[in-house]
Amino acid sequence: MAENENNPLRWLALVALDQPMLPDFDEVARLVGQSFAEAPEMVVAGSTEALFTCSIGEYTAAVTLVDRPIPWSQLEGPCATAWYWPDAADQLRDHSAHLLVTLIDEGAKSIEKSTLLTQLVSGVVSASPAVGVFWGPGRLVHPPQAFNEQAMQMSPRDLPLFLWIDFRVERLEPGKVRLYTTGLKALGQTELEVPEYEGVPQTLLEYAYNIAHYQMTQPKFINDGHTIGLTEEVQVVAHHGRSMFDEGIEVIRLEFQSAGV
């Protein structure tokens, strides 16, 4: 569920490797600049055989080579629920090393930090023998090529929320599912939950994605009782309440209904 404000995974990503290799800083910087025209300049601050540190605009980042796999206990759950990457476990189970990619949290806007970390990870993935990415804030795993493709489509009006947020859809019974998110809190927003939904899971996923994108990009806060029109026929009412998993966490619970009800 939602991340603790001080969770050490908040601005961290792990890049799984099939062989231990620290990418060259100049190559990473070149790839980032080539793929993201608006990315701030990357300037190396220091380097060894196992790590490099750099500045990215006003931020400080580091890439560290860890000559051992990511603990499987950390990957097993995300692999099992990665519906968009069915063979995640098979692809990641036998990796031999990983890169620890971190962005120092200096209190700026969460979208800006997520964007910069995404750009850096994309450059690292392109310059490395990468077999997968673990995105810490949302506890998600991604295949390298898909990560880069979504990252390069990123813009202020089209955030790559599937890279940053886990939209977890679970079946309750035939024709009914529920949904909850992990990763919105790290982005400064309130997690979403749908305790019960009758209909096509993919449709619910698209609705939740659009609502999360609204949260991230619109200055207007989703208040308790706020009604959001999704289509001409469907609207959702937002209720602030306790999570169905943890009474200590406040979420936005979404109630779907036909427009005009």
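Between the residues PHE134, GLN119, ALA45, the greatest Cα displacement towards the positive end of the dipole of the stretch 12-162, with unit charges on the Cβ of Lys, Arg, Asp and Glu, is found for PHE134.
Of the residues ALA88, VAL237, ALA61, the one whose Cα sits farthest toward the positive end of the charge dipole of the chain, with +1 on the Cβ of Lys and Arg and -1 on the Cβ of Asp and Glu, is VAL237. For PHE245, nonlocal amide neighbours, meaning residues 5 or more places apart or on other chains whose placed amide H falls under 5 Å from its own, do not occur. The trypsin sites (Lys or Arg not before Pro) of the stretch 68-138 that meet both conditions, a loop assignment by DSSP and at most 11 other Cβ atoms within 10 Å of the site Cβ, are LYS109. Across the stretch 12-48, the residues whose backbone nitrogen lies under 18 Å from the label position 7 Å along the beta-carbon direction of TYR84 are 12-16. Shape analysis of the stretch 128-242 places it in the prolate category; the axes a ≥ b ≥ c from the Cα gyration tensor give an a/c of at least 1.5, with a/b above b/c. In terms of surrounding Cβ atoms within a 10 Å radius of their Cβ, MET21, MET216, MET42 rank from fewest to most as MET21, MET216, MET42.
Calculated mean residue ellipticity at 222 nm for the chain: -8000 deg cm²/dmol, from DSSP H runs with n ≥ 4 weighted as -39500 (n - 2.57), summed, divided by the residue count and rounded to 500. Largest GNM mean-square fluctuation among TRP164, TRP72, TRP135, using the chain with Cα springs under 10 Å: TRP72. Between rounded, prolate and oblate, where does the stretch 39-111 land on the alpha carbon gyration tensor, with a ≥ b ≥ c its root eigenvalues, rounded for a/c under 1.5, else prolate if a/b exceeds b/c? Oblate shape, in that a/c is at least 1.5 and b/c is the bigger or equal ratio. When +1 charges are put on Lys and Arg Cβ atoms and -1 charges on Asp and Glu Cβ atoms, the dipole computed for the stretch 101-193 relative to its Cα centre reaches about 140 debye. The count of lysine pairs in the stretch 105-261 whose Cα atoms are under 23 Å apart, excluding pairs fewer than 8 places apart on the same chain, comes to 5. Net charge dipole, the stretch 166-258: roughly 200 debye, given to the nearest 20, about the Cα centre with Cβ charges of +1 for Lys and Arg and -1 for Asp and Glu.
Charges were assigned to the Cβ only: +1 to each Lys and Arg, -1 to each Asp and Glu. The resulting dipole of the chain about its Cα centre is roughly 160 debye. Of the residues VAL251, CYS79, MET152, the one whose Cα sits farthest toward the positive end of the charge dipole of the chain, with +1 on the Cβ of Lys and Arg and -1 on the Cβ of Asp and Glu, is VAL251.
Read the figures in this text as sums done on the coordinates, not as results from a lab. Quantities reported herein were computed from a predicted structural model and do not represent experimental measurements. Positions of Cβ are backbone-derived with ideal geometry, glycine not excepted, and every protein chain shown enters the neighbour counts.
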